[in-house]
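Everything below concerns the one structure shown next.
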Amino acid sequence: MTDFERYVLEEHVEDFNDGIISRRELLRRVTLITGSLTATVAMLEVMGCGSEPSGAAATPQARASSTPVPFATPPAQPDTDGVTVQPTDPRIRVEAISVKGADGAQLISYAARPRIAPAGGILVVSENRGLVEHIKDVVRRVATAGFTGLSVDLLSRQGGADKLTDPAAYAAALTQQPPADMVSDLQRALSALSATSGVGKKLGLTGFCFGGGMVWQTLDAGAAVKAAVPFYGPMPPDVTGLAKTKAAVFAIYAELDTRITGTSSQMEAQLKMTGRPYKIMVYPGVNHAFHNDTGARYDATQAEAAWVATVEWFRQYVR
């Protein structure tokens, strides 16, 4: 089993342990990865996944504050459609940015820019569900903050999230992609973003869950970005390249997400060697994926705090 297959499998187990999915759904999701129900049952037995968990999911807290900020932030309550900034929002303009992979494949992309001259460009790397409405909304939030935002679907060659509508099937297909190929697609997306008006070398990179891990891997590969903000990203297999990054890195973790947050000290050790500004922030009382307002672990208070801090980080270092 590859590192990424194990990461996705452990995400499914966390969902089961937190009461978000049933054991039947857990079996289905894991079997999409293992290819065999027998192998799935054996693996879950080793991991201690037996009967249905008890307990209810936590209720999202109230919004952090009523003080408005001059850009879009995560909503005060979970939102199933994932839309907080409409495509017709007068502050932004949704536009097409063509991104081609190294093999010439046209990548599915989504972009938005501010009506004013952009302060730079931010590439948004999705969770392991692809370019869904929530991620498109994050791209539009980026645009309201004064940057051109872009995201690409890393399963574009298979039709992307529009074709692989089952999130578990999408995640399973993603595990079959060589990480180096996905990093290459992200680097090509950064190049395409750099070529747009008002961006140039003023590039930033952010991502969530799997996408946070891909932020780390893209930095590890030497991506030429000014700043990066990985949200609860798993540690890459080889972290040594991070010591050479030129990016100012703000790493966001969740207190209850011990599987990922437990690696933060190792990531910090690499960032210390860069000589560049960095910050490690563990948000209290929240779990993995707390920023996703369409998910069961969404926390409005900490999501807003983390997003405001993210925008401030980009405004400080993407220049």
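The values are calculated or read from the model by the stated rules, or taken from the named source; none is laboratory data. Because the structure is predicted, anything quoted here is derived from the model rather than measured. In this analysis, Cβ positions are derived from the backbone assuming ideal geometry, glycine residues included, and neighbour counts consider all displayed protein chains. In case anyone asks, the SASA skips ligands and DNA or RNA and just uses the protein heavy atoms, side chains included. Shrake-Rupley method; radii C 1.70, N 1.55, O 1.52, S 1.80 Å.
Please give every one of the lysines within straight-line cross-link reach of LYS136, meaning a C-alpha to C-alpha distance under 18 Å, and leave out same-chain neighbours fewer than 8 residues apart.
LYS163
At a Cα cut-off below 28 Å, give the lysines reachable from LYS272, other chains included and same-chain residues fewer than 8 away excluded.
Correct list for LYS272: LYS201, LYS202, LYS226, LYS244, LYS246.
Please calculate how many Å² of accessible area the chain carries per residue, with a 1.4 Å probe and no DNA, RNA or ligand atoms counted.
Counting only protein heavy atoms, the per-residue value for the chain is 41 Å².
Around GLY82, what is the net charge, scoring Lys/Arg as +1 and Asp/Glu as -1 over all other residues with Cβ under 9 Å from its Cβ? Write down the numbers at each step before the final one.
Details: positive: LYS136; negative: ASP79, ASP81, GLU133, ASP137, ASP293.
Here the charged neighbours net out to -4.
Which value, in Å² rounded to 10, gives the accessible area of LEU32 with a 1.4 Å probe and all protein chains present?
Per-residue accessible area (LEU32): approximately 80 Å².
Assign one of three labels to the chain, namely rounded, prolate or oblate, based on the Cα gyration tensor with a ≥ b ≥ c the square roots of its eigenvalues; rounded applies when a/c is under 1.5, prolate when it is not and a/b is larger than b/c, and oblate otherwise.
Cα axes put the chain in the rounded bin.
What number, rounded to the nearest 500 deg cm²/dmol, is the helix-based mean residue ellipticity at 222 nm of the chain, given -39500 (n - 2.57) per DSSP H run of at least four residues and division by all its residues?
Taking each H run of at least 4 residues, the total per residue is -11000 deg cm²/dmol.
Of all accessible surface on the chain at a 1.4 Å probe, what whole percent is carbon and sulfur? Provide the component values of the computation, followed by the final result.
Working: 7020 of 13230 Å².
Whole-percent figure for carbon plus sulfur exposure: 53.
I'd like the distance separating the alpha-carbon centroids of region 282-319 and region 12-45, in whole Å.
For region 282-319 versus region 12-45, the Cα centre distance is 28 Å.
Given an 8 Å cut-off on Cα distances and at least 6 residues of separation, report the relative contact order of the chain as a percent.
For the chain, the relative contact order is 17 percent.
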